[in-house]
């Protein structure tokens, strides 16, 4: 499939469904990525429900619909389609986050996600309405009949003279910032990351993985689609805002993760930091370092592979409640189950960026791009973030490799032995982490 | 009532281009129906869902192979 996509002409694009859907190489890649992530989430969910007794198939029905909506979202070329797809995803997630409805933490997470999600949707919708109002105003130069279409909005934003271009219109600028704020929420970028720790902790593990990978990735794809499409004329205005957001995201994600002992909170907050690194790469791309774009997609793949590896291991821990899994519950995991223990170490190592794993290569390439783009301050913050992340990732790895249980053997959390299918899934993920690290030219 | 305007809009509808998404949506409903008839085969339905997603990616590949051939007449066509 990747071969087929790679075989497409570089500038390929297809506008279909009255130009509301735009298929490009990027959208093809995004669809494959989201579909693959969904397969891994389904498998993770099967393991999760088996370990906790009682498979609930409603999960997979909702998950399939959400994945389809994600895939349509990354092809949207019109704000109506974008909003409808985004809301389909959001409504599915409202149910999935509160899926274990007898669990108070899951319900609490569901309500928090509902409130925050409604807030972000309101921001997005308000931004769209402002853009619609401005771009369809006949008093302005280049007013268009269909401002919700990305191409027409782009034409409107580039219209105007030197004295007053539409890209300087305060109404337009407010609208653009609000739209991007609504999407930053999905991506978990600062200052819209505040929902992440509680929701990630309370949601069932497969849903947390789904949020961490698919929701974040689709947010990033949307960011890319909008900033290189309809909002291209505003790149100069948005650049300093994005730089501040990237720095704050990196600092917040890493420093907040330092203080956590709950593994799902660590994964959530480190995910915020990873969103920051993606933003650093994106800023380098805006500064003209074009080769970094495929690297960003490489980074997303690496992050997804490593995250699913860690979540697979977490899914095999038979704790009473999923949300109470602490780092110390992984004490001595390597000795208790060598396969799961080594998988955890490799997954965390890749997330931390330890050579020769794929995470290291991905981070180094983004940092080289930052140097070429002369983003020295942001690079310094990113490097500081890497150092901080080594502390919390290594703390977890240390528990799994070296630490002996504090209490008696009976108080240890028992480990569900992985089935042959799970071992195969994990083996593929581990092989991908190692091969992409040792031979990144494959990408 | 003149529906020619609608006709122009729907002329660009290529449902095949969204085959994987359609497969996922229809598959979700079919699995729901299947669950009504086989309420105790939950693991089986879960595995079917995973297979369906693999099938979705296969459909994606098949469609794009054809689309890529149509556009660029590549070697593998």
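FYI, it's all coordinate maths here, none of it is from the lab. As the structure is a computational prediction, the values presented were derived from the model and not from experiment. Cβ placement follows ideal geometry from the backbone for every residue including glycine, while neighbour counts extend to all protein chains displayed.
Couple of notes before you dig in:
- In this simple spin-label model, placing a label point 7 Å from the Cα along the Cα-to-Cβ direction at both residue A:25 and residue A:318 gives a separation of 5.0 nm.
- Modelled FRET efficiency - R0 41 Å, residue A:13 with residue B:32, Cβ distances, 0.05 increments: 0.70
- Shielding score for A:69-81, defined as the mean number of other chain Cβ atoms within 10 Å: 1
- For the protein assembly as shown, taking the reciprocal of the average inverse distance between every pair of different Cα atoms yields a Kirkwood hydrodynamic radius of 23.7 Å.
- Between residue B:10 and residue A:104, the distance separating the two model label sites (each 7 Å from Cα on the Cα→Cβ line) works out to 5.4 nm.
- FRET E, pair residue A:364, residue A:338, Förster distance 45 Å, beta-carbon r, rounded to 0.05: 0.90
- Peptide B:50-58 - average C-beta neighbours from other chains (10 Å radius): 5
- Cβ-Cβ FRET estimate between residue B:43 and residue A:174, R0 fixed at 41 Å, reported to 0.05: 0.20
- Fewest-first ranking of B:2, A:290, using other Cβ atoms within 10 Å as the exposure measure: B:2, A:290
- Most fluctuating residue given options A:216, A:363, A:403, as computed from a GNM of chain A linking Cα atoms under 10 Å: A:403
- For chain A, built as a Gaussian network whose Cα springs stay under 10 Å, the top-fluctuating residue of A:402, A:220, A:164: A:164
- Springs between Cα atoms under 10 Å define the GNM used for chain A, and in it the highest mean-square fluctuation of A:351, A:365, A:250 occurs at A:365.
- C-alpha center-to-center spacing [segment A:150-228, segment A:252-310] in angstrom: 16 Å
- Cβ neighbours within 10 Å from other chains - mean over A:51-61: 5
- Principal axis dimensions, segment A:29-119 - Cα atoms, whole angstrom, descending: 43, 30, 16
- When you count the other C-beta atoms within 10 angstrom of each residue and take the mean per peptide, A:292-305, B:21-34 line up highest first as A:292-305, B:21-34.
- In terms of surrounding Cβ atoms within a 10 Å radius of their Cβ, A:277, A:241 rank from fewest to most as A:241, A:277.
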